[in-house]
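Structure first, commentary second.
The values are calculated or read from the model by the stated rules, or taken from the named source; none is laboratory data. From a predicted model like this one, the values you see are computed outputs, not experimental measurements. A quick note on method: Cβ atoms are made from the backbone with ideal geometry, for glycine too, and the neighbour counts reach across all protein chains shown.
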Amino acid sequence: MHPAFSVLFLTTFIGAGQGLFLALYTAQIFTLGGLLPTQGGRDFYVIGSLLALAWLVAGLFASFFHLGHPERAWRTATRWRSSWLSREVLVLPAFIVAVAVYGAAHWLGGGQVVLTLNGTHALDVSMLAGVVAMGLAFLLFLCTGMVYADVHLLQEWRHWLTVINFTLLGAASGFTLATGIAALYSPTLTSFFAAWAMVLTLAAAVFRVVTLIRNHYLRQRSSLRTAIGIRHHQITQMTQGFMGGSFNTREFFHGRSLRFVATIRNVFLVLVFFAPVLLLAAAWWYATPALAVTAFFAQILGLLAERWHFFAQARHPQNLYYQSVA
């Protein structure tokens, strides 16, 4: 498939925003349970929420460049009963609003206590807003992953691993960013976020490598014989049917060599998994905020490469006919 850069930025940016919010809310839950020290004031949550919103809005903005007629964007939400894309279009703005309410509640001091557990654990407005936002975050991961896992023609995508990869990669990048924020505004939480970020990154590495191995040995259901309905074992295509390129050759194939695709694969394996784990471990050990921030930017660049490879590796059956150009 041809990787559209607008979709690369969309899926990568909103994943980082989702992961960052989940990191913030996880810390708040652990703090409420007495498993973590109280964070330094409201700045940590407010700044974290603002950054999460920035990544989410940036991803939403990037999505408009993928539309031929942006003024008709509202129509993408009309088929929510059957389309995962429509569901994603509805859930993303709802999640943005929920994160905004969560951040605003912290900015106002947490809000009024709504519920008390066991007479000691007070649940305020920020905690309840966080519950809603957390549910929407995981629902958004599901919708984004299913947009691709539900494509019947592309065997590389049509698997539960697609949803798992979107979830783990987004969560890993968010917790890595939270490590950098904690190193700057709440150092006592740096080790907590660094540990979570490394665990999530390693888990994402396992599932992503399994996906790469699966796709490498994947046996395609379609062939030249099934495409034209002839069962002869020796079929040779002499021409692709056009003298030059067409919409099909541009939209359903990336136009790069196998060596280039393999290079992108190696780059994202290093930047998404290997480098961030080393940088996070060093940031944890030396208590250096710059290392944690560097880990995040290395990972986000690697995720853009990973997402490019995700699209490029998918082999559309129509390229059986246009293989002389593809």
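Among the residues of the stretch 279-315, those identified as assigned to a loop (DSSP other than H, G, I, E, B) and not hydroxyl-bearing (S, T, Y) are A287, Q313, A314, R315.
Exactly one residue among A172, A195 is modelled with pLDDT of 95 or more, small (G, A, S) and more than 17 Å from the chain's Cα centre (by Cα), and that residue is A195.
Of all residues assigned to the stretch 91-114, at least one qualifies as being modelled with pLDDT under 95, of a type in the set (S, T, N, Q) and either at positive phi or assigned to a loop (DSSP other than H, G, I, E, B) (or both). Figure legend. Inter-residue proximity from the stretch 255-269: first residues over 15 Å from L304 (Cβ atoms), second residues hydrophobic (A, V, I, L, M, F, W, C) and outside any helix (DSSP H, G or I), beta-carbon distance below 9 Å, spacing 6+ or different chains. Indicated pairs: G255/V325; G255/A326.
Scanning the stretch 31-82 for residues that are at pLDDT 75 or above, small (G, A, S) and either touching a helix residue (DSSP H, G or I) at 6+ places or on another chain (Cβ under 8 Å) or under 30 Å from T179 (Cβ atoms) (or both) yields G33, G34, G48, S49, A52, A54, A58, G59, A62, S63, A77. On the given criteria, is T288 over 23 Å from L161 (Cβ atoms), modelled with pLDDT of 95 or more and polar (S, T, N, Q)? Answer is no for this residue.
The rows are residues; the columns are (1) surrounded by fewer than 18 Cβ atoms within 10 Å (Cβ to Cβ); (2) more than 20 Å from W157 (Cβ to Cβ); (3) more than 17 Å from the chain's Cα centre (by Cα).
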residue: N266; (1), (2), (3): yes, yes, yes
residue: V277; (1), (2), (3): no, yes, yes
residue: A282; (1), (2), (3): yes, yes, yes
residue: A290; (1), (2), (3): yes, yes, yes
residue: F296; (1), (2), (3): no, yes, no
residue: L304; (1), (2), (3): no, no, no
residue: H316; (1), (2), (3): no, no, yes
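When we screen L184, L212 for residues that are surrounded by fewer than 23 Cβ atoms within 10 Å (Cβ to Cβ) and within 18 Å of A52 (Cα to Cα), the only hit is L184. Considering only the stretch 213-225, I want to know if a residue exists there that is among the aromatic types (F, W, Y) and in a helix (DSSP H, G or I). The answer is no; no qualifying residue exists.
Within the set L154, L177, L123, L117, the sole residue that is at pLDDT below 90 and touching a Leu at 6+ places or on another chain (Cβ under 6 Å) turns out to be L123.
Does at least one position in the stretch 214-235 carry a residue that is in contact with a Phe, Trp or Tyr (Cβ under 8 Å, 6 or more places away or on another chain) and at pLDDT below 90? For the stretch 214-235, residues in contact with a Phe, Trp or Tyr (Cβ under 8 Å, 6 or more places away or on another chain) and at pLDDT below 90: present. Would you check if L8 is of a type outside the set (K, R) and either surrounded by 16 or more Cβ atoms within 10 Å (Cβ to Cβ) or under 30 Å from F253 (Cβ atoms) (or both)? So L8 passes the test. Residues in the stretch 251-263 that are in a helix (DSSP H, G or I) and either modelled with pLDDT under 90 or surrounded by 21 or more Cβ atoms within 10 Å (Cβ to Cβ) (or both): E251, L258.
Return yes when L136 is touching a Phe, Trp or Tyr at 6+ places or on another chain (Cβ under 7 Å), surrounded by fewer than 23 Cβ atoms within 10 Å (Cβ to Cβ), under 27 Å from T11 (Cα atoms) and modelled with pLDDT of 95 or more and no when it is not. Here the answer is yes, as L136 does meet what is asked.
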